[in-house]
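Below: the structure, in structure tokens.
Since every read-out is calculated from the coordinates, none of them should be taken as a lab result. Predicted model, so just to flag it, every value in this text is computed and none were measured. Note that each Cβ is placed from the backbone with ideal geometry, even for glycine, and that neighbours are counted across all protein chains shown.
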Amino acid sequence: MRKIVTRTITAVTVVPALVAIIIFAPWCQHLAINLIAVAASVIGAYEAAALFAAKGNPLTPAFIPILGAALPLATYLRVCGLLPPGSGLLVLTALVSIILVREIFVAREQDFGQILPRIAGSITVLIYPGLFVGYFIRFSLLPNASLSMIVFLLIVFGNDIVAYLAGSLWGTGSRRILPVSPNKSAVGFVGGIFGSLLFATAAWFAVPQVFFHRVGIYLAVSLTVAIATIAGDLVESAMKRSANVKDSGTIIPGRGGILDSIDSVIFACPICFYLLARAAGIW
């Protein structure tokens, strides 16, 4: 019960703060919230690197997670018109090439066995979460960008909050949905879907322009984001299960690390952005 209270306090503190930043600091293509997103991607990358280290595959050099910030930063510069189209892909290709080429300089034969695990870990940390965070930054391109960001976050966090409360209060003894995440119950799964639909429906009546006044877009966004939110949580659970750790970090009370808090958000970002961008005719 104490964890439920702590997690609820964190949610009712952090979410309104993010909403306030989006609403009251929209200048420079939402520079403030996007800088927060970039910072979260760096911290999350370090937490992902720590998972590999816990598995016995520490990344070298240690600054590899910082390179992950290049992807959301490049996306922000592209959104601001300071980089040409396709620059994000160019940055990603350059970074992956650096990671690959670096391995040809391994000097000791006894270190050759670590080349493949190091490459796999470095590329994973490079794109997770940085590549996914870039899609949140792309929300700045959408019509009604501020409202779109807020509605998206509320749908995701609504899913997470209701799923956690339902699973904690009524999920005891309920069927587990997947072995990779034994704490996730069927009750929590249903509660999460309900939470997303509840917040999406409220948004439909309050700000239908986010969905371009089209019921089909509202349904597509609410359902796909609900499923992607759960999938994102399960993906990170699989990574933590492999590393045999409970949380990715301890930075956020009641939740754990940054990855524990943004795993669902970043996984749902691409599908939500592309659905809204398609509806807006910009993709």
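Points worth noting:
- Just one of the listed residues (113, 44, 56) is assigned to a helix (DSSP H, G or I) and under 18 Å from residue 248 (Cα atoms), and it is 44.
One line per residue, one yes/no per condition, for (1) surrounded by fewer than 23 Cβ atoms within 10 Å (Cβ to Cβ); (2) without any contact (Cβ under 8 Å) to a residue 40 or more places away in the chain; (3) not aromatic (Phe, Trp, Tyr):
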residue	(1), (2), (3)
188	no, yes, yes
194	yes, yes, no
210	no, no, yes
219	yes, yes, yes
226	no, no, yes
237	yes, no, yes
248	no, no, yes
252	yes, no, yes
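- Answer from 107, 120 - the residue that is within 23 Å of residue 44 (Cα to Cα) and over 19 Å from the mean Cα position of the chain (by Cα): 120
- Residue match in segment 146-159 (condition: more than 28 Å from residue 32 (Cβ to Cβ), among the small types (Gly, Ala, Ser), crowded, with 21+ Cβ neighbours inside 10 Å and touching a Phe, Trp or Tyr at 6+ places or on another chain (Cβ under 7 Å)): no
- Selected residue (only one of 156, 133, 187, 151 is over 30 Å from residue 88 (Cα atoms) and of a type in the set (Val, Ile, Thr)): 187
- Only one of 146, 122 that is small (Gly, Ala, Ser), under 18 Å from residue 28 (Cβ atoms) and part of a helix (DSSP H, G or I): 146
- Top-ranked residue of segment 64-103 - restricted to ones that are of a type in the set (Gly, Ala, Ser) and closer than 23 Å to residue 35 by Cβ, ranked as surrounded by the fewest Cβ atoms within 10 Å (Cβ to Cβ): 81
- Filtered by the rule that a residue be part of a helix (DSSP H, G or I), of a type outside the set (Phe, Trp, Tyr) and within 13 Å of the chain's Cα centre (by Cα), segment 126-143 gives 127, 130, 131, 133, 134, 137.
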